[in-house]
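Asker: This is the structure I want to talk about, given as structure tokens.
The values are calculated or read from the model by the stated rules, or taken from the named source; none is laboratory data. What you see is a predicted model, and the numbers here were worked out from it, not measured in a lab. In this analysis, Cβ positions are derived from the backbone assuming ideal geometry, glycine residues included, and neighbour counts consider all displayed protein chains. Remember, those area values only see protein heavy atoms, side chains included, never the ligands or the DNA or RNA. Shrake-Rupley method; radii C 1.70, N 1.55, O 1.52, S 1.80 Å.
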Amino acid sequence: MSGHGIPIPMTSHRAGPLSGTAHVPGDKSISHRALILGALSVGETVITGLLEGDDVLDTAKAMRAFGAEATRDADGTWRVNGVGVGGFAEPDQVIDCGNSGTGVRLIMGAMATSPIAATFTGDASLNKRPMARVTDPLALFGARAVGRAGGRLPMTVVGAADPVPVRYEVPVPSAQVKSAVLLAGLNAPGETVVIEREATRDHTERMLAGFGAQIVTEETEEGRVITLTGQPELRPQSIVVPRDPSSAAFPVCAAIITPGSDVLVPNIGLNPTRAGLFTTLREMGADLAYENEREEGGEPVADLRARFSPDLSGVEVPPERAASMIDEYPVLSVVAAFATGRTVMRGVKELRVKESDRIAAMAAGLRAGGIAVEDGPDWWIVEGRGHGNVPGGQTCASHLDHRIAMSFMVMGMAAQSPVSVDDASPIATSFPVFEPLMAALGADIRRG
Ligand code: S3P
């Protein structure tokens, strides 16, 4: 778990060129889902390439608390022996999901239609985040939740003893909410229908189909209509987790802004619901190629090659692309600082309720490093200064947010003066090998 330890101040010095191959860790979203669906099937699910970051390890611990077995072989293969849909036992301890919004929201969904109670908590960041977006639809199944003011953790969820299926239109673009409802629908009789107006990452739907659930997605005028037939017997699977595009974003963006760089980032999941950053970087004029495009385990995959791109231009990011790059706006704002002209990002209200208020956190740090930023409730604009003209020299608050910490480390690689963060410890939630991986490429990141 992050946020309980000693803060790790970190400074990134001007570096480069960055070169070599960056094997980033497994996809965080897919890793959580593999453990949870493994726990809900009967028999042994085998997972390779699982992200062993704190967020996912907290989900593994939670699955054990609900009665599944989750073990790791010496070679890093994970084995989950599940209890079946509706088979969760009542945990005898509080479930601590650490820093992970995905972990807590998906697990709440997965237990909400079983006749058990569970109490959830997290670190200082997670305990500030809104949970009503999940507990409201779970109440429609018959579950009850009692938490702190504003629907905050710690919170106890009492699962429905006689769940009813639900038809629910997700009011915010959120794969976590969609997934919580689908996972709850697994143990409700009949058809649970989830409607989303904007497409969000669809790993839950793909993986449920892989585990043998009957799930159908239709593109209609009201949006994507997803229909799940409840109470299936899920069949254990062999899952190869692709590498995380949200982690690949950091070496890719670092290479693009650091003179002379040429970095290969192999085996990156390029599910269209996740790849918006790469499309945007190309629109800005970045030298970013997809090599060896292929399909693995039902997900599109490619090797990314990113090279230094001296002539980046600011762009207007289409709001309808937001869901496909929601976690990448922080590092995009760093690239935007090195571009010529303004980068306009609209329709991004959700950034204010992530591990931190990501617009506020990035705007404060960028301004302190000499970059003009304007922002409003659901938009922000970064005034690029062009390659070679980004002052840096600031210390930024990471607000217990891994992506804020890594984004400012990327900024330091090409700014005129070093960039520091007060606490880089949250990086372990999603990218535990960030420091050695970036050092091997030629980055100069130091503790302190
Ligand atoms: C995730 C969904 C996104 C994303 C998060 C992972 C998921 O959150 O920001 O890092 O795995 O479903 P929202 O669903 O709240 O947009």
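Asker: Under the condition of being more than 16 Å from the ligand (Cβ to nearest atom) and among the charged types (D, E, K, R), which residue from the range 11-53 is least open to solvent (accessible area, probe 1.4 Å)?
Answerer: Filtering first and then ranking leaves Glu52.
Asker: Name the single residue, out of those in the range 189-209 being open to solvent by 10 Å² or more (accessible area, probe 1.4 Å), within 17 Å of Pro245 (Cβ to Cβ) and assigned to a loop (DSSP other than H, G, I, E, B), that is farthest from the ligand (Cβ to nearest atom).
Answerer: Looking at residues that are open to solvent by 10 Å² or more (accessible area, probe 1.4 Å), within 17 Å of Pro245 (Cβ to Cβ) and assigned to a loop (DSSP other than H, G, I, E, B), I get Ala199.
Asker: For Ala339, state whether it is open to solvent by less than 10 Å² (accessible area, probe 1.4 Å) and within 25 Å of Val419 (Cα to Cα).
Answerer: Yes: the conditions hold for Ala339.
Asker: Residue check, Ala213 against (1) part of a loop (DSSP other than H, G, I, E, B); (2) open to solvent by 20 Å² or more (accessible area, probe 1.4 Å), all met but one. Which one?
Answerer: Among (1) part of a loop (DSSP other than H, G, I, E, B); (2) open to solvent by 20 Å² or more (accessible area, probe 1.4 Å), the lone unmet condition for Ala213 is (2).
Asker: Which ranges mark the strands (runs of 3 or more DSSP E) fully within the range 115-188 that have 2 or more residues being open to solvent by 40 Å² or more (accessible area, probe 1.4 Å)?
Answerer: 144-148, 152-158, 167-169
Asker: Turning to a different aspect of this structure: Report, by residue number, each residue of the range 303-314 that is open to solvent by 20 Å² or more (accessible area, probe 1.4 Å) and not in a strand (DSSP E or B).
Answerer: Phe308, Pro310, Asp311, Gly314
Asker: Check off (1) more than 20 Å from Ser125 (Cα to Cα); (2) of a type in the set (Val, Ile, Thr); (3) out of contact with any strand residue (DSSP E or B) (no Cβ under 8 Å at 6 or more places or on another chain) for Ile47 and give me the number that stays unchecked.
Answerer: All conditions are met except number (3).
Asker: Looking at Arg144, Arg64, Arg105, which one is within 26 Å of Gly185 (Cβ to Cβ) and within 16 Å of the ligand (Cβ to nearest atom)?
Answerer: Selected residue: Arg105, the only one of Arg144, Arg64, Arg105 that is within 26 Å of Gly185 (Cβ to Cβ) and within 16 Å of the ligand (Cβ to nearest atom).
Asker: Out of the residues in the range 147-184 meeting the condition of being among the charged types (D, E, K, R) and within 25 Å of Met325 (Cα to Cα), tell me which one is nearest to the ligand (Cβ to nearest atom).
Answerer: Applying the filter and picking the extreme gives Lys178.
Asker: Of all residues in the range 1-51, which are in contact with a Pro (Cβ under 6 Å, 6 or more places away or on another chain) and among the hydrophobic types (A, V, I, L, M, F, W, C)?
Answerer: The answer is Ala22, Leu51.
Asker: Kindly establish whether Thr59 is modelled with pLDDT of 95 or more and part of a strand (DSSP E or B).
Answerer: Judged against the criteria, Thr59 is not a match.
Asker: May I ask you to list the residues in the range 83-114 that are closer than 22 Å to Glu196 by Cβ and part of a loop (DSSP other than H, G, I, E, B)?
Answerer: Passing the criteria: Ser100, Ala112, Thr113.
Asker: Any residue at all in the range 242-265 that is among the hydroxyl-bearing types (Ser, Thr, Tyr) and within 19 Å of the chain's Cα centre (by Cα)?
Answerer: Yes.
Asker: Got at least one residue in the range 227-239 being among the hydrophobic types (A, V, I, L, M, F, W, C) and within 14 Å of the ligand (Cβ to nearest atom)?
Answerer: No, because not a single residue in the range 227-239 is among the hydrophobic types (A, V, I, L, M, F, W, C) and within 14 Å of the ligand (Cβ to nearest atom).
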